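Heads up: the structure comes next, in structure tokens.
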Amino acid sequence: MSTSPPDGRESAASEVPAASFLFSVDLEDVRSLVPNGMRYAERVPHNVDAYLRFLARHECRATFFTVGDVARRYPDLIARIAAEGHELGCHTSDHTPLERLGPDGLRADLERNVADLERAGARDIKGFRAPIFSLTDRTAWAYEVLRDLGFSYSSSVLPHANPMYGWDGFGTRCVRTPSGVWEIPLSVSGVVGRKLPFAGGVYFRVLPAIFVRRLIRRQRMAGRPVVGYFHPYDLDTEQERFMHPELGDSRILNSLMYLNRSRVLRRLDAVVAGGATIVRYDAYVREVLERARGG
Ligand SMILES: [Zn+2]
């Protein structure tokens, strides 16, 4: 895998900019997270195809943190993601938050997650994202499990208090944890008096586009990576209406889950047109983080 930027905008001396856009898809099937969800229409292959075409159009490679059950159900899709030069990372076997898995549970779960991805053609899996950013000060034991299993990084911390998760006080910088595993925290910024993510998911869709672009530009100007996350459903305008999981049955929050999905690709195009360079997380770890510490 070459780490040189496909768009050639950066010089050869800095193949991966410190201010890269770490674009990722948390590849899960939302149907498997709601009761009787499989009665709804299959949307994952269609939605992943849209992301892959977006990435191909801009000639860039990104990271897909993939749940094991998706790899089992769609091995050809996983093979295509790998064949097109993208990175596959783990997102647990069934999207179970870390505190419910516990250390031994996480170990067994990730061994299955890796095996399912490898069976579908993924190689050299180095990255992990905890479901719903459930890596906090209470589940920091996860880094030792990740080290033992050969992972080199995690991108699982929302570095601010949040109604569900969040690790307040973690800080916004990438950190090499005592286990040796890097943590690449989600980018957050002050929005209406609260620190919120802005470069992914519902926030990217719901916040005004010009405001999001400004936050992304500010992050890049500060020489920091822009760390975001998208789901298959984030760009799906045809998904049936149902209550999404983990929203506390709030109809208001659930309506936000469907808002502005038709604008996601256009907004992403504008971010790339504004100069953001999308790179794989593993390339960022190798070319920026490890290099900065003389590795
Ligand atoms: Zn997820």
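A count restricted to the stretch 55-78 and to residues that are of a type in the set (A, V, I, L, M, F, W, C) and loosely packed, with under 15 Cβ neighbours inside 10 Å stands at 1.
Among all residues of the stretch 166-183, there is none that is surrounded by 21 or more Cβ atoms within 10 Å (Cβ to Cβ) and within 16 Å of the ligand (Cβ to nearest atom).
Got a number for residues in the stretch 143-178 being part of a loop (DSSP other than H, G, I, E, B) and under 16 Å from residue 127 (Cα atoms)? Total satisfying the criteria: 9.
Residues are listed down the side, and each one gets a yes or a no for (1) more than 16 Å from the ligand (Cβ to nearest atom); (2) polar (S, T, N, Q); (3) modelled with pLDDT of 90 or more; (4) not in a loop (DSSP other than H, G, I, E, B):
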position: 210; (1), (2), (3), (4): yes, no, yes, yes
position: 215; (1), (2), (3), (4): yes, no, yes, yes
position: 238; (1), (2), (3), (4): yes, no, yes, no
position: 241; (1), (2), (3), (4): yes, no, no, no
position: 249; (1), (2), (3), (4): yes, no, no, no
position: 254; (1), (2), (3), (4): yes, yes, no, yes
position: 259; (1), (2), (3), (4): yes, no, no, no
position: 271; (1), (2), (3), (4): yes, no, yes, yes
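The set of residues in the stretch 214-235 being surrounded by fewer than 18 Cβ atoms within 10 Å (Cβ to Cβ) and in contact (Cβ under 8 Å) with a residue 24 or more places away in the chain consists of 217, 218, 221, 222, 223, 224.
Residues in the stretch 26-48 that are in contact (Cβ under 8 Å) with a residue 60 or more places away in the chain and within 16 Å of the ligand (Cβ to nearest atom): 13 in all. For the residues 52, 106, the requirement of being at pLDDT 95 or above, outside any loop (DSSP other than H, G, I, E, B) and surrounded by 21 or more Cβ atoms within 10 Å (Cβ to Cβ) singles out 106.
When the residues of the stretch 55-79 are narrowed to those that are assigned to a helix (DSSP H, G or I) and among the charged types (D, E, K, R), which ends up farthest from the ligand (Cβ to nearest atom)? This residue is 57. Does residue 129 qualify as being basic (Lys, Arg), away from the ligand (no atom under 16 Å from the Cβ) and touching a residue at least 24 places away in the same chain (Cβ under 8 Å)? In short, no. If you go through the stretch 109-125 and keep only what is part of a helix (DSSP H, G or I) and surrounded by fewer than 23 Cβ atoms within 10 Å (Cβ to Cβ), you end up with 109, 111, 112, 114, 115, 116, 118, 119. You will find that of 99, 87, the residue that is within 24 Å of residue 269 (Cα to Cα) and either hydroxyl-bearing (Ser, Thr, Tyr) or in contact (Cβ under 8 Å) with a residue 40 or more places away in the chain (or both) is 87 and no other.
The values are calculated or read from the model by the stated rules, or taken from the named source; none is laboratory data. As the structure is a computational prediction, the values presented were derived from the model and not from experiment. Reconstructed Cβ throughout: ideal geometry from the backbone, glycine too, with neighbour counts over all protein chains shown.
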